[in-house]
Structure formats: C-alpha cells, structure tokens
2 protein chains.
Amino acid sequence: MTKLKIAVIGYGGMGSYHANTILAKEKDLFEVVGIYDIDSNRQAHAIQDGLPVYENLEEVLKDSNVDALLIATPNDSHKELAIRGMEAGKHIVCEKPAVMNPQEFHEIQKVIERTGRTFMVHQNRRWDPDFLILKELYENKEIGEIFQIESRVHGANGIPGDWRHKKEHGGGMLLDWGVHLFDQLLWMIDSPIKKIETDLSFVLGNEVDDGFFSYITFENNMKVLVEVGTTNYTKLDRWYIKGTKGTAKISDWDLTGEMVVSKETQSVVHPTPIKAGVGLTKTMAPPSEEATTKKKLPKGHEMNQSFYQNFYHVVKNEEEPLVKNEEVLHVLTLMDNILTR
Amino acid sequence: MTKLKIAVIGYGGMGSYHANTILAKEKDLFEVVGIYDIDSNRQAHAIQDGLPVYENLEEVLKDSNVDALLIATPNDSHKELAIRGMEAGKHIVCEKPAVMNPQEFHEIQKVIERTGRTFMVHQNRRWDPDFLILKELYENKEIGEIFQIESRVHGANGIPGDWRHKKEHGGGMLLDWGVHLFDQLLWMIDSPIKKIETDLSFVLGNEVDDGFFSYITFENNMKVLVEVGTTNYTKLDRWYIKGTKGTAKISDWDLTGEMVVSKETQSVVHPTPIKAGVGLTKTMAPPSEEATTKKKLPKGHEMNQSFYQNFYHVVKNEEEPLVKNEEVLHVLTLMDNILTR
C-alpha cells in the first residue's frame, strides 16, 4: 500500500495532536512529511519534536511529495488554506468547524468539484466511545424506542486560550464544541429538524459565547437537548437518554453510567408513596423493585474504520467518506442560523 | 388561643394527608371537625380513621362550628367549593392548582373582596428543605450571584391515578407538579419573565401532558430550566445551580448533593488537558485541584412559620399571608398561556 504523505498546517494543540498521536497510530497508511506554522515558536516546537519544518506555505504547496494537508489553524483561515491546497493538488483533512459559515463552505464545494480532490472534516467525535454507546442503544432498542436525548459537556475552565475568544477568528463554544455535539446527533437521527430554540451564554463577558443551550424537536418527534457550559464547577451527566422502556445515563468520558429498564410485568406494580420535601408523592417515588431492572450499558456501536483509515480509502477511491460534506454543511447552516438570528 | 375548626372536603390522598399528618402537627391551632367526600368509600375510610363525617356539603356549610375548609378535591371543583364556602362564611385553604385558569381565579378574588374571608392556596413546596437550600444559596451568595437554576422532578410511574388523567378535571403534570416548581422560582426570583419556551410531553398517550420542559429567561437575565418527567427510570439531580463563583447540586429529597466553589486564587491555575472520547480537551477538563474547593451545602433558609401557622394568623388578621393570591394568579396565568397557546 502506498502511504499518503501528509503535511500539517498549524502546530498548536490540535496540529501537534494529529502529528504526534492520531497520525502516529496510522503509520501503515500515512507519513507526516512536514509541519508549517506562521508562528516561529511553534515551528521551533515542531523541530524539537523531531519533525521537518517548511519555511513557508508556498514551499508546502509546491512540494510534489505532499499528497494531503491537515489544516489545524484558526477557523477563519481554513477556507483559504483548503482552497489553495486543493488547487495545488492536495487532498485535505480540515479541523472542525470546517469554515466560518455556509457561504464559505459553498466556495470550498466548488473547488472540490473543479479539482476532484478529497476534502474531509475531522468530525472525530463520531468515534467517541460514549457516543457509540448511545448509537448502539438507539439501534438495538434495549431501552425501547429512544425519544429524548440530552447531550451535555460541562467544564469550569472558561473558553480556551487565544483566538477562540475572538469573533473574527470563529471563536466561541457553539463553533468549538457545538459543532461536535450537533454533528453526532444529526448524523444519527434520520429525521429533519422541525424546531430549534437556542440560548447562547455570555456570562464570562467575552465577545463570543462561552456556552449554549439548544432544544431541538425533530419531525419524527425526537426531542434533543444540547448544552455546552464552561462555568460548571460540578457536572451533570454527559448523556441522559430516555426510551419507551427505560432510561440510560452515560456519566462521563470514562463510560461510567447506568441503565434502568422496565420489566414490563403483566400485573401493574404500584409504587409506594414517598415523603418528598414537605409533601407526599407517588408520582415521583422510585418504581417498585419488582418493576425495573438495572442493566449494564452496552459496549457501543462498532466503527470498522478510523477517521484516517477512511480518509485514506476515500482518497484512493475505494470508499465513501464516513464524514460527508453535505452533513458538514447541514451543521454549519444550523449554527449559522443560531449565530446570525 | 382559640383553635380554628376546619372541615376537610375531599378525602383522597391529599385530604387524608392534611387531616392526619399536616393538621395533626398543628393541634394547638386547629381542630379537624369533620370530613366530607362525595365518594362513600372515602367517607367509610374517614370513619375508619376515627374522623367525624358529614352527610353532604350543605351540612358542612351550615355548620356554624366550622371556621374553615380545606379543599382537596379534583381541580375543576375547587372554584365552586371555595366560593360556596366563603359565601357561607368559611375561610379557605385550597389545594394546588387553585383553579383551572386565571378567569376562575378572578371570580374567586371577587368573592374574597365581597366576603372578607381568607383564601390561601397550599403551595406547601415553598417549605421544601431542598428548595430552602437553594433559597439560602440565592441569598447568601456562597457560590456567587446565581444566574442559572435547573429544577427537575423525575419519576417513572406515569401520571398518578384517576382524575389527573382527564383534561376536564384539570389533570396533567404541568398543573400537578409544574404549579409547585414555577411557584417556588417565581416567588424567589424578583424579576419579571422576559421569555418562556415550553414543550409539553405526551409520550404516554394521555389527553393531558405527562411532563414538560420549560426554559425561562427573566428580565434580570436569570435563566431557569424547569422539567417534570414521569417516564424517567433513572433521575437527574433535583436542582442544578450555577453561580458566578461555583456550582451546586441538590441531588434528591434526601438533600444529598455537592457544592464546588472557585478559590479565586490570584494566579491563574491552568487545567491539565484530558483525553475525552477520541479527542483531547482542556476546556472540559476538571479545574485543577488548587483552583476549587468542595463545600457542604448550607442548611437552608429558615421559615419562621409553617403554612398552617401562617394561615391561622392571617385569619386572625395578625399576619400577611406567606402565599399571596397575586402570586398564585401569576403562576396560573403562566400555565394557562402554556396550555392554551
């Protein structure tokens, strides 16, 4: 198998993670041939990390040894880099969010058509094990038909450093984390969105959102809550999932959680009223022991290929992309509607 | 102190809880002089419980020994019972929701004005210890200024029995539990509502809602999420509370929970990136150990009087009511807007 030679553009947190961790796992298929960053400190870091460094972008684009670029720069620079790359004959892996808005993506799509290059956005969280547990539950119906999904990521560290604080660079948490959370759910749920209500949070006083809260109703009546918070000193569960026969929680990245399923006993088992606050409640009492059973969370839907394995075979015209550009455009359009409302 | 003589109208779950538990604690101030229920089985229950029983409503209203009525009947009968009671000279404690809609409440208010009787709605969950912890946090600012409150009650037993399944009787979970959750927050938050979005749930296929989800923005920018679910086999925390300096959770009626507060150290303590799913994140990493501290939840705001102690003194013209009728009307109007939208 001929390896694909890839150059990494942008050597910040994500660029170096691609070069040294993700691509390092795919050594049979990829070779990292060099790095380019406009910041000389980061160039120096790359050299320290033992990676070849290009003097400038033109050098990368002219290098006929380079088959593909990984773009991991601030969001407002993706479009130009991707277009110049494809025009120079390179295939592209682009960090998320792909671009600033749907208009920019249309420009990219035209260049894809003209050049025939592969352009794939690194929506890597489709491979997150916690999400793949949800996906398996969604398909195997262990808790019945799923009708409500709550997806939360909570942190207490504010918006991460530098350009993500700036609107002009495509900062803010909707674009940074929302793009993952919407992508996961829109990819899985095979129904159009009927209604979406979003509230952006600005409690930290930045010009970009420090989190958001979205409530989505799909045409098939699925309800989805998506929340990102960066001022949450203690967290709620990563996933809360309601099905017609049970409820599941995936608490954290460590995949702890629980799943409680109705036993569907023929005879109705009445709950015992509990004292709740200063009142009594049967409604909010736990279901009686005989009525439900605790189960282990499933292992998670299996993905046959990693992102980069798939990218490799798409470039070789052997596979369909697992992250399709129309899906990327769908999420960009959704976020753009929220931001420009 | 002259005791108030009270008759209980409706001897279902709530009526018997008032007669045998709540009023039994207030024996210095109240005497339960009799019960009336239209259902002969319930009349028989009252007799078994050692309580005197009236033959019919007229007998209660004519009994000059009765100072006050406790109305704990289906919601659609509250208005007529309250009005007839006040016209017969009785003071009224009425179960929640007071009546079916704001129009009915206006009719009641006219009779209050004309007769000068006391009419108080049993919004007892203002005394719930979990809510009083929130109220103390809201006032003492231990987690800074609170800017987001999430109030959830989750059960898995569906809508409770008989009339609460019927629209004509004022059934459904918005009226049954929503009335408490909205009342608590609207009482505490001293700001008008700017926007409310509500989604009623009908997953159980009843003609009334089996739960709901409301997202409220107040004029002072407080964000509130209120949720009631009756198909939740495992629960989220009762309260999730975000302040400018920390976050608190009150998990359940047993008052377990946690509170994590920023140490506000002068030097910025950077979090360590964590592996989250297939990606890396600094944003969603826990704050570093040096940056936060865990604290115990406070004991809760103290209420000087119980509901019935206050009612007693209001009847005697010695106190202002702790549950004011304009507050009750406010919540009724809010719920009516949701139901008739």
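Of note:
- Residue in segment B:238-251 that is more than 9 Å from chain A (Cβ to nearest Cβ), surrounded by fewer than 19 Cβ atoms within 10 Å (Cβ to Cβ) and within 21 Å of A:Q148 (Cβ to Cβ) present: yes
- Put simply, of B:R126, B:R152, B:R164 the only residue that is under 30 Å from B:N206 (Cα atoms) and either away from every other protein chain (no Cβ under 14 Å) or outside any helix (DSSP H, G or I) (or both) is B:R152.
- Residues of segment B:268-287 that are out of contact with any helix residue (DSSP H, G or I) (no Cβ under 9 Å at 6 or more places or on another chain) and more than 9 Å from chain A (Cβ to nearest Cβ): B:T272 alone.
- Against the list (1) under 22 Å from B:L334 (Cα atoms); (2) in contact (Cβ under 8 Å) with a residue 12 or more places away in the chain, the condition B:T118 fails is (1).
- Qualifying residue in segment B:20-27 (condition: closer than 22 Å to B:N317 by Cβ, buried (at least 19 other Cβ atoms within 10 Å of the Cβ) and touching a strand residue (DSSP E or B) at 6+ places or on another chain (Cβ under 8 Å)): yes
- Some residue of segment A:215-229 being touching a His at 6+ places or on another chain (Cβ under 6 Å) and more than 8 Å from chain B (Cβ to nearest Cβ): no
- Residue check for A:K135: part of a helix (DSSP H, G or I), among the charged types (D, E, K, R), away from chain B (no Cβ under 11 Å) and in contact (Cβ under 8 Å) with a residue 60 or more places away in the chain: yes
- Out of B:V53, B:V99, B:V93, B:V66, sole residue that is buried (at least 22 other Cβ atoms within 10 Å of the Cβ) and either in contact with a Pro (Cβ under 6 Å, 6 or more places away or on another chain) or over 20 Å from B:N124 (Cβ atoms) (or both): B:V66
- Any chance B:S262 is more than 7 Å from chain A (Cβ to nearest Cβ), of a type in the set (S, T, Y) and surrounded by fewer than 22 Cβ atoms within 10 Å (Cβ to Cβ): no
- Residues located in segment A:306-325, provided they are under 12 Å from A:R117 (Cα atoms) and β-branched (V, I, T): A:V314, A:V315
- Only a single item in (1) in contact (Cβ under 8 Å) with a residue 12 or more places away in the chain; (2) over 20 Å from A:H301 (Cα atoms) is not met by A:D162, and it is number (1).
- The number of residues in segment B:174-192 that are over 9 Å from the mean Cα position of the chain (by Cα) and under 14 Å from B:D128 (Cα atoms) comes to 3.
- Some residue of segment A:272-289 being modelled with pLDDT of 95 or more, polar (S, T, N, Q) and surrounded by fewer than 18 Cβ atoms within 10 Å (Cβ to Cβ): no
- Residue list for segment B:138-149, restricted to those being touching a Leu at 6+ places or on another chain (Cβ under 7 Å) and within 12 Å of chain A (Cβ to nearest Cβ): B:I143, B:I146
- Check on A:A291, of a type outside the set (D, E, K, R) and either free of Cβ contacts under 8 Å to residues at least 60 places away in the same chain or at the interface with another protein chain (Cβ under 7 Å from one of its Cβ atoms) (or both): yes
- Failed item, numbered, when A:D209 is tested on (1) in contact with a strand residue (DSSP E or B) (Cβ under 6 Å, 6 or more places away or on another chain); (2) more than 30 Å from B:H270 (Cβ to Cβ); (3) more than 10 Å from chain B (Cβ to nearest Cβ); (4) surrounded by 19 or more Cβ atoms within 10 Å (Cβ to Cβ): (2)
- Residue check, A:N124 at pLDDT 95 or above, of a type in the set (S, T, N, Q) and under 18 Å from the mean Cα position of the chain (by Cα): yes
- Hits in segment A:184-198 (condition: buried (at least 19 other Cβ atoms within 10 Å of the Cβ) and within 11 Å of another protein chain (Cβ to nearest Cβ)): A:Q184, A:T198
- Residue match in segment B:155-168 (condition: crowded, with 18+ Cβ neighbours inside 10 Å, at pLDDT 95 or above, touching a strand residue (DSSP E or B) at 6+ places or on another chain (Cβ under 9 Å) and of a type outside the set (G, A, S)): no
- Test: residue in segment A:213-229 that is at negative phi, out of contact with any strand residue (DSSP E or B) (no Cβ under 7 Å at 6 or more places or on another chain), in the same structural domain as A:L134 (by TED's automatic domain parsing) and surrounded by 18 or more Cβ atoms within 10 Å (Cβ to Cβ): no
- For segment A:167-183, filtered to residues that are of a type outside the set (A, V, I, L, M, F, W, C) and more than 10 Å from chain B (Cβ to nearest Cβ), the residue that is nearest to A:K324 (Cα to Cα) is A:D183.
Conditions tested, residue by residue: (1) among the hydrophobic types (A, V, I, L, M, F, W, C); (2) in contact with a Gly (Cβ under 6 Å, 6 or more places away or on another chain); (3) within 30 Å of B:V121 (Cα to Cα).
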{"residue": "B:K275", "(1), (2), (3)": "no, no, no"}
{"residue": "B:L280", "(1), (2), (3)": "yes, no, no"}
{"residue": "B:S288", "(1), (2), (3)": "no, no, no"}
{"residue": "B:G300", "(1), (2), (3)": "no, no, yes"}
{"residue": "B:Q305", "(1), (2), (3)": "no, no, yes"}
{"residue": "B:Q309", "(1), (2), (3)": "no, no, yes"}
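- Residue match in segment A:290-307 (condition: assigned to a helix (DSSP H, G or I) and within 26 Å of A:L29 (Cα to Cα)): yes
- Test: residue in segment B:59-74 that is of a type in the set (V, I, T), within 23 Å of B:D176 (Cα to Cα) and touching a helix residue (DSSP H, G or I) at 6+ places or on another chain (Cβ under 9 Å): yes
The values are calculated or read from the model by the stated rules, or taken from the named source; none is laboratory data. Small disclaimer: the values here were computed from a predicted structure and weren't measured. Neighbour counts are summed over all protein chains in view; Cβ atoms, including those assigned to glycine, are modelled from backbone coordinates with ideal geometry.
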